[in-house]
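See structure below.
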């Protein structure tokens, strides 16, 4: 098995060194590909790849890794994963370990995390993936705590279904001080609570806009995983109580039954636009071929009234 180690804090960050050493100790083939600079908050962004001729990279050395190939790229972590998956840095990996991020990725903030975004990008390629984060704290950061837990998950992921993604968040404590580890659902909280216009010594009411076309918005930030007012069944609530939390995530996918009613209504509205129909069968090269299922002038076998267009029953 080949493991790709990446992160969003940059290839020189101490967290990726700790995670890469775990990967090496697992006995698998390891390659490290990560951003040259900090890409925190990049999510699954890849940057303006269509407007650049290529992606620059440079070799790097991480202490304690021996001759493990390590590269820093001029781009975000999701791009690092893609480049590895299309064999830009040797054979395609089977697993992605992303982290260890200094700062937890829980609740809504997980969607914006470059650490989590890299893992979910790997999952879209059918890889088994793990995002690992530790709550921010003063030095020395106990990197051994998330590293030990990540190491225990490598053999689990090796046997997991393709596309599996786990999100592991750990408090800033030693393994001995960890109160416990539990499965958790994503909390609903985020990091940015509000934004206020910076108007100097004359503050405006909260919802008012200052005169002029430019300005500065000061952000009111909250550190997730610090309030015990959050439910203990959530990832943020567990971290606030010095528990580690692990959960399974999925990335972009069809909504399925959850979005069926809205999709039905959307199709009805779109087919009501003059000239918009389901069209011919997209599986044939004949543009005049009828769509499969009910005829274009029926919905579920029933005639369509004057001026109506077929709804979801008439779509291919």
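Derivation of every value follows stated rules applied to the coordinates shown; laboratory data play no part. In this text the structure is predicted, and so the values were computed from the model without any measurement. Here Cβ is always computed from backbone atoms with ideal geometry, including for glycine, and neighbour counts include all displayed protein chains.
Take 156, 273 and order them by how many other Cβ atoms sit within 10 Å, fewest up front.
273, 156
Looking at the range 1-127, what % of its DSSP beta bridges pair antiparallel, to the nearest 5? List each step's numbers first, then the result.
On the way: 3 of 15 bridges.
Beta bridges within the range 1-127, antiparallel portion: roughly 20 percent.
What FRET efficiency would be calculated for the residue pair residue 255, residue 177, taking the C-beta separation as r and a Förster radius of 51 Å, to the nearest 0.05? Intermediate results must be reported in sequence, preceding the final value.
Numbers: r = 41 Å, r/R0 = 0.81.
With R0 = 51 Å, the Cβ-Cβ based efficiency is 0.80.
Over the range 96-145, what relative contact order in percent results from Cα pairs under 8 Å that are six or more residues apart? If you can, show how the numbers build up before the last one.
Details: 60 pairs, mean separation 24.9, N = 50.
Contact order relative to length: 50 percent.
Which of the peptides 50-60, 28-38 is most tightly packed, and how do the rest follow, going by the mean number of other Cβ atoms within 10 Å of each residue? Mind showing how you got there, number by number?
Values: 50-60: 10.6, 28-38: 21.8.
Going from most to least packed, we get 28-38, 50-60.
If I take all pairs of Cα atoms in the range 107-155, what percentage of them are more than 11 Å from each other? Don't skip to the end; give the middle numbers.
Numbers: 854 of 1176 pairs.
In whole percent, the share of Cα-Cα pairs in the range 107-155 beyond 11 Å is 73.
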